[in-house]
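The values are calculated or read from the model by the stated rules, or taken from the named source; none is laboratory data. All of these numbers come straight from a predicted model, not from anything done at the bench. Positions of Cβ are generated from backbone atoms using ideal geometry, with glycine treated the same way; all protein chains shown enter the neighbour counts.
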Amino acid sequence: MDSKENSGNGNGHNKYSGEKLKSELLTVNMGPQHPATHGVLRVEVKTDSEVVAEAIPHIGYLHRCFEKHCENIDYRGNIPFCDRMDYLAAMHMELGYCLAIEKMIGTEIPRRAEYIRVIVTELQRIASHLLFTGVYAIDLGAFTPFLYCFDQREKILRLFEEISGARLLYNYIWIGGVWNDIKDGQLTRIKEFCDNLIPELDKYMNLVGQNKIFVERTANIGIMTPEMCYNYGATGPILRGSGVDWDLRKKKPYSIYEELDFDVPVGEGLKGTVGDCWDRFAVRQQEMRESVKIIKQCLDGIEEGPIMGKVPKVLKLPKGEIYMKTECARGELGYHIVSDGGKVPYRVKAKSSCFTHTSMLPEVAPGLLIADFVAVIGSIDIVLGEVDR
Amino acid sequence: MHKELADYLNSVVSGADAKALEAEVGDSSILVATEHILKVCQALKDSEEHQYNVLQTISGVDYPEGVGEDKTPVIEVNYMIASFIKNTEVILKVRVPRGDDENLPKVDSVCSVWIAADWQERECYDLLGVDFVGHPDPRRILNPYDWKGHPLRKDYKAQEVYQGMTVYPEDKQNIPEQDFVVEQNRLNDEAKAAAKKAREESKKDS
């Protein structure tokens, strides 16, 4: 039989022949309500069968005019608003804002308050990374690690509830110090928690990080090169996952980080290429260990004393501006505060790291399978509250 | 440091008109001529000596009454630029006349230097109404695409109706009488006054 006979009616007008088959990109809207997008993010994905050809993020569903609100409320009153940006790492949001204002008015912070600040922010970093570990495993189809991680995170949240009175949005770090003192019993419990955490972290690394399915799903997926990170302005675990040794706690130390001894983990490409999803996961696991190290040093070094510095009752900033950045759980958070000498800020601009990282999605996405694209969104660990502000 | 960088910019880009604004408190910055911002940014990125390889953010500030002595209404666009290689950081500023809704102020886009500028400029356009000339995708980003006005301008008034919905309806407004803090303070004052009165009366009785 020759091929002509084989093609149906033999005259080449078969609608199933290669030239006649039409194919076009299919647009799929991921979100705004989708478990894999970690909040209300809509990604307009143009797919060629199962492969992503183009991804366009649409953000703004959680826009709450943070910056406009700040222009109407006095400096102290803005701290609770800062909390609500990244609601999973609220301590970091407060710390950056308070540091910026303290630098402007030149307040001396008591030593005890500095130690408490470092302890709570590092605990918060652990809590945030634990949540990432659990939720990332869920994104990739494993439910069990989520329960283990939330078990440990719950212990931190209970400690925070005792210390500050709230589980998620604390309003604990104030301009000049902290709101409430930590009692000796609570310090002992933090120490116990830190001791118990290390074996748990080993367990997660075995359960998730070394898991064959997990490695297959994350290694060599969504590679971000250092040049790309610089070009987009990525920071935090994303930049470190790409093998760049950049941590503000080392490079531009604020608070008492200068006196503390810790390492900066960077991605090494142990399971695949440097800068893939697995590296970003591994960097966060290592960071939790470093945080434990920092907390233990602080617990040894903490000294008695006051917890609030001298801050004028009616707080007015001198005329000028400042750009202060701190290393948060998800990357660098910068506050640009402009003052005209009054009681309320003239302008507050928050530079959100999640915003920057979301803008990298269109660059990474083309060529990935849809399921791998979900793995990439999970690995950059965005919180939409901070993206949209 | 700012003085030297300004001199360097003046020597590389002719007409850059870079001035170091030294601040007594807070951060100093460098003011450059608006029409040369793209060249200045390119020069900062390319220079072997400085290597400003990261654009961290773009922050616009609205000054309807002018800055300092100069009373012309301007919008100031701040570029927070850093070098992750040299561990340095600088704030670049341009000032453009404020314009109005039909006639937005124009600044050259720096997307060709750092891709990070893409979303940052979109945000600045959305919230402050700065038109970045040469931007590949000038859409709003945080507000809905059909929103009117630019919220972070000081004279901004929200549109009254959006897609058939009333914006900021009266029963949701935070008028002072309903304000919780004001009300609490009033009650506290009343209670204090009553207690004081009672004390004085008891003194009189005894």
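All but one of (1) more than 14 Å from chain B (Cβ to nearest Cβ); (2) farther than 29 Å from A:Tyr75 by Cα; (3) crowded, with 22+ Cβ neighbours inside 10 Å hold for A:Leu299, so report the exception by its number.
(3)
Would you point out which residue out of B:Lys204, B:Lys197, B:Lys192 is away from chain A (no Cβ under 12 Å), outside any loop (DSSP other than H, G, I, E, B), at pLDDT below 85 and more than 23 Å from A:Tyr61 (Cβ to Cβ)?
B:Lys204
Filter the range A:236-265 down to residues that are over 18 Å from A:Glu122 (Cα atoms) and either in contact (Cβ under 8 Å) with a residue 24 or more places away in the chain or of a type in the set (A, V, I, L, M) (or both), then give me how many there are.
So the count comes out to 6.
Look through the range A:40-56, keep the residues that are in contact with a Gly (Cβ under 9 Å, 6 or more places away or on another chain), assigned to a strand (DSSP E or B) and crowded, with 20+ Cβ neighbours inside 10 Å, and return whichever of them is nearest to the other protein chains (Cβ to nearest Cβ).
A:Val43
Identify, please: which residue in the range B:89-148 is away from every other protein chain (no Cβ under 14 Å) and of a type in the set (D, E, K, R) and is, among those, nearest to B:Ile37 (Cα to Cα)?
Checked the range B:89-148; the qualifying residue nearest to B:Ile37 (Cα to Cα) is B:Asp108.
Quickly run through the range A:57-102 and pick out the residues that are charged (D, E, K, R) and part of a loop (DSSP other than H, G, I, E, B). Lay out the reasoning, then the answer.
Filtering the range A:57-102 down to residues charged (D, E, K, R) leaves A:64, A:67-68, A:71, A:74, A:76, A:83-84, A:86, A:94, A:102.
Scanning the range A:57-102 gives A:Arg64, A:Glu71, A:Asp74, A:Arg84, A:Asp86.
Within the range A:78-113, track down each residue that is of a type in the set (Asp, Glu) and surrounded by fewer than 22 Cβ atoms within 10 Å (Cβ to Cβ).
Within the range A:78-113, A:Glu102, A:Glu108 qualify.
Any residue in the range B:19-38 that's at positive phi and within 11 Å of chain A (Cβ to nearest Cβ): show its pairings with residues that are among the charged types (D, E, K, R) and crowded, with 16+ Cβ neighbours inside 10 Å at Cβ separation under 9 Å, as long as the two are six or more apart or on different chains.
What qualifies is B:Gly26/A:Lys103; B:Gly26/A:Lys319; B:Gly26/A:Glu321.
Looking at (1) more than 13 Å from chain B (Cβ to nearest Cβ); (2) in contact (Cβ under 8 Å) with a residue 12 or more places away in the chain; (3) within 22 Å of A:Glu102 (Cα to Cα); (4) part of a helix (DSSP H, G or I), which is the only condition A:Glu287 fails?
The failed condition is (3).
Any chance the range A:304-311 includes a residue that's more than 13 Å from every other protein chain (Cβ to nearest Cβ), in a loop (DSSP other than H, G, I, E, B) and at positive phi?
Taking the range A:304-311 and keeping what is more than 13 Å from every other protein chain (Cβ to nearest Cβ), we get A:304-311.
So of that shortlist, the ones also in a loop (DSSP other than H, G, I, E, B) come out as A:304-307, A:309-311.
Filter once more, keeping what is at positive phi: A:305.
Yes, that holds for at least one residue.
Can you report the number of residues in the range A:244-268 which are farther than 27 Å from A:Arg117 by Cβ and surrounded by fewer than 19 Cβ atoms within 10 Å (Cβ to Cβ)?
Let us first name the residues in the range A:244-268 that are farther than 27 Å from A:Arg117 by Cβ, namely A:267-268.
Now narrow it down to the ones that are surrounded by fewer than 19 Cβ atoms within 10 Å (Cβ to Cβ): A:268.
Residues that pass the stated criteria total 1.
Filter the range A:334-348 for residues that are of a type outside the set (Val, Ile, Thr) and either under 28 Å from A:Phe214 (Cα atoms) or within 14 Å of another protein chain (Cβ to nearest Cβ) (or both) and give the result.
Correct list: A:Gly334, A:Tyr335, A:His336, A:Ser339, A:Asp340, A:Gly341, A:Gly342, A:Pro345, A:Tyr346, A:Arg347.
Could you check how many residues of the range A:61-91 are under 15 Å from the mean Cα position of the chain (by Cα) and either hydroxyl-bearing (Ser, Thr, Tyr) or within 10 Å of chain B (Cβ to nearest Cβ) (or both)?
Looking only at that region, the number is 1.
Identify all residues within the range B:70-103 that are under 20 Å from B:Glu123 (Cα atoms) and surrounded by fewer than 17 Cβ atoms within 10 Å (Cβ to Cβ); write none if there are none.
B:Pro97, B:Gly99, B:Asp100, B:Asp101, B:Glu102, B:Asn103, listed by residue number.
Scan the range A:346-356 and give yes if some residue there is surrounded by fewer than 23 Cβ atoms within 10 Å (Cβ to Cβ), over 22 Å from A:Ala127 (Cβ atoms) and not basic (Lys, Arg), otherwise no.
Checked against the condition, which is being surrounded by fewer than 23 Cβ atoms within 10 Å (Cβ to Cβ), over 22 Å from A:Ala127 (Cβ atoms) and not basic (Lys, Arg), the range A:346-356 yields at least one hit.
Could you tell me whether the range B:58-69 includes any residue that is within 19 Å of B:Ala6 (Cβ to Cβ) and either more than 12 Å from chain A (Cβ to nearest Cβ) or buried (at least 21 other Cβ atoms within 10 Å of the Cβ) (or both)? Spell out how you get there, then give the answer.
First, the residues of the range B:58-69 that are within 19 Å of B:Ala6 (Cβ to Cβ): B:67-68.
Now restrict to residues that are either more than 12 Å from chain A (Cβ to nearest Cβ) or buried (at least 21 other Cβ atoms within 10 Å of the Cβ) (or both): none.
So far as the range B:58-69 goes, no, none of its residues is within 19 Å of B:Ala6 (Cβ to Cβ) and either more than 12 Å from chain A (Cβ to nearest Cβ) or buried (at least 21 other Cβ atoms within 10 Å of the Cβ) (or both).
Among the residues in the range A:328-335, are any crowded, with 22+ Cβ neighbours inside 10 Å, under 19 Å from A:Glu67 (Cα atoms) and without any contact (Cβ under 8 Å) to a residue 40 or more places away in the chain?
Looking for residues that are crowded, with 22+ Cβ neighbours inside 10 Å, under 19 Å from A:Glu67 (Cα atoms) and without any contact (Cβ under 8 Å) to a residue 40 or more places away in the chain, one finds none in the range A:328-335, hence no.
Take residues that are within 12 Å of another protein chain (Cβ to nearest Cβ) and tell me which of the helices (runs of 4 or more DSSP H) falling wholly in the range A:202-270 contain 3 or more. Let's see the steps before the verdict.
Values: elements: A:212-218, A:226-232, A:236-241, A:248-251.
Hits in the range A:202-270: A:226-232, A:248-251.
Residue by residue, here is whether (1) touching a Lys or Arg at 6+ places or on another chain (Cβ under 6 Å); (2) of a type in the set (Gly, Ala, Ser) holds:
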| residue | (1), (2) |
| --- | --- |
| A:Asp184 | no, no |
| A:Tyr204 | no, no |
| A:Gly209 | no, yes |
| A:Ala219 | yes, yes |
| A:Gly236 | yes, yes |
| A:Gly275 | no, yes |
| A:Glu287 | no, no |
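Does the range A:349-381 hold any residues that are more than 13 Å from chain B (Cβ to nearest Cβ) and not in a helix (DSSP H, G or I), and which are they? Before you say what the answer is, go through the steps one by one.
Of the range A:349-381, the ones more than 13 Å from chain B (Cβ to nearest Cβ) are A:365-381.
The answer is A:Ala365, A:Pro366, A:Gly367, A:Leu368, A:Leu369, A:Asp381.
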